[in-house]
Amino acid sequence: MKAFLKNITGINKTGAFLREELDKMKILMSQPMLHQIRQMRNAPADWKDIEFSAFSQWGDDGIIQYLIHKIPGLKKRFIEFGVANYTESNTRFLLMNSNWSGLIFDGSEANIQFIKNDTISWKYDLIAEHLFVTKSNINEAIAKHGFDEEIGILHIDIDGNDYWIWECLKVVNPQMVIMEYNSVFGNKAAISVPYKDDFYVTDAHYSNIFFGASLKAMDHLAQQKGYSFIGSNTAGNNAYFLRNDLLNEFTPKVGVDNGFVACNFRQNRDENGNLSLQRDDEKIKLCAHLNVVEVTKNETSILKNYL
């Protein structure tokens, strides 16, 4: 393939150049779907009708594009936590296609260095910072970069303290919040893993599926902060919350019972770190002895009581 590219172009394509060209193709191929989304006159009956993936792992690129076109007055600024090297991300399409400005964090210094060396860092208004996010450092880190005001989207996906980080945020006023939730915790209990400064999902349990919070817990926190749940992606891992003053006919409030989506993931690992290829909602029973917090009562007990 490399030799073929060299023969037809006369130059030796580097990996970075190929990735950049592929990014352009992804954006171009998304345009017909974007046109359909802009032309929609009613809220979709099912979000699967608006989903597409250019840079998102699942269909969130489409959901986000739908929302930014149907919610007037969104500020074109975002913050995202837990971006890895940012080649696969829910905000990259916003940055490149919609020309938003962004602040991103990741706990790996190597990942942040990769982003800073990528052309995306000078072609767009993007700030990337190495930070293992904790309750004690996140507000200062956001304020330091001038994002301590109203922003369009806050996205938290850190595979661990997600609930507690949103709870502690004080300096930023997001209009929309995207929260990863753990669907194998079910949709009946408002539970989260306990807060721990150095929480790391593999250390918490070798299965890698004991993390985050249930959708009901996220919805409880959202209501306290003045947000309403408006839906989940069809993969069953990202929930969308909209500030109450922005709800409209295209983005109505949805009940957790109706909007909950159970994931079909098989991402869990065995004790040797290998994929088991068994459903996560079955393997979560391995974590039944671990403590969780029922957030509406601030009570700690074992996960078994909620499965």
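The values are calculated or read from the model by the stated rules, or taken from the named source; none is laboratory data. Remember, it's a predicted structure, so these values are computed and weren't measured experimentally. Please note: Cβ atoms are built from the backbone with ideal geometry, for glycine as well, and neighbour counts cover all protein chains shown.
Taking the stated definitions as given, is S232 buried (at least 20 other Cβ atoms within 10 Å of the Cβ) and small (G, A, S)? Give the steps one after another, and end with the answer.
Values: buried (at least 20 other Cβ atoms within 10 Å of the Cβ): yes; small (G, A, S): yes.
It is true that S232 is buried (at least 20 other Cβ atoms within 10 Å of the Cβ) and small (G, A, S).
When the residues of the range 28-86 are narrowed to those that are closer than 17 Å to M179 by Cα and of a type in the set (V, I, T), which ends up surrounded by the fewest Cβ atoms within 10 Å (Cβ to Cβ)?
Here the answer is I68.
Restricting the range 163-211 to residues that are modelled with pLDDT of 95 or more, part of a loop (DSSP other than H, G, I, E, B) and among the polar types (S, T, N, Q), which is farthest from A239 (Cα to Cα)?
Here the answer is S207.
Which one is nearest to the chain's Cα centre (by Cα) among residues in the range 235-257 that are part of a loop (DSSP other than H, G, I, E, B) and among the aliphatic types (A, V, I, L, M)?
Top of the filtered list is A235.
Conditions first: (1) within 17 Å of the chain's Cα centre (by Cα); (2) on the phi < 0 side of the Ramachandran plot; (3) of a type in the set (G, A, S). A141 passes all but one, so which condition is the exception?
The number of the failed condition is (1).
Which residue pairs have Cβ atoms closer than 6 Å, lie 6 or more positions apart in sequence or on different chains, and pair a first residue in the range 238-255 that is closer than 15 Å to A43 by Cβ with a second residue that is at pLDDT below 95?
F250/A43
For the range 44-83, how many residues are polar (S, T, N, Q), in a helix (DSSP H, G or I) and under 14 Å from N238 (Cβ atoms)?
So the first thing to find is which residues in the range 44-83 are polar (S, T, N, Q), and the list is 53, 56-57, 65.
Imposing the further condition that a residue be in a helix (DSSP H, G or I) reduces the set to 65.
In the following step, the residues that additionally are under 14 Å from N238 (Cβ atoms) were identified as none.
Counting residues in the range 44-83 that are polar (S, T, N, Q), in a helix (DSSP H, G or I) and under 14 Å from N238 (Cβ atoms) gives 0.
Select from the range 258-270 the residues that are assigned to a helix (DSSP H, G or I) and either in contact (Cβ under 8 Å) with a residue 40 or more places away in the chain or crowded, with 17+ Cβ neighbours inside 10 Å (or both) and list them in ascending order. Break it down stepwise before answering.
Within the range 258-270, the first condition is being assigned to a helix (DSSP H, G or I), and the residues that meet it are 258-259.
Answer for the range 258-270, where residues must be assigned to a helix (DSSP H, G or I) and either in contact (Cβ under 8 Å) with a residue 40 or more places away in the chain or crowded, with 17+ Cβ neighbours inside 10 Å (or both): just G259.
Out of all the residues in the range 219-234, is one or more at negative phi, out of contact with any helix residue (DSSP H, G or I) (no Cβ under 7 Å at 6 or more places or on another chain), outside any helix (DSSP H, G or I) and of a type in the set (K, R)?
Within the range 219-234, the subset at negative phi is 219-225, 227-230, 232-234.
Now restrict to residues that are out of contact with any helix residue (DSSP H, G or I) (no Cβ under 7 Å at 6 or more places or on another chain): 220, 222-225, 230.
Add one more test, that the residue is outside any helix (DSSP H, G or I), and what stays is 230.
Applying the additional criterion that residues be of a type in the set (K, R) yields none.
Scanning the range 219-234, I find no residue that is at negative phi, out of contact with any helix residue (DSSP H, G or I) (no Cβ under 7 Å at 6 or more places or on another chain), outside any helix (DSSP H, G or I) and of a type in the set (K, R), so the answer is no.
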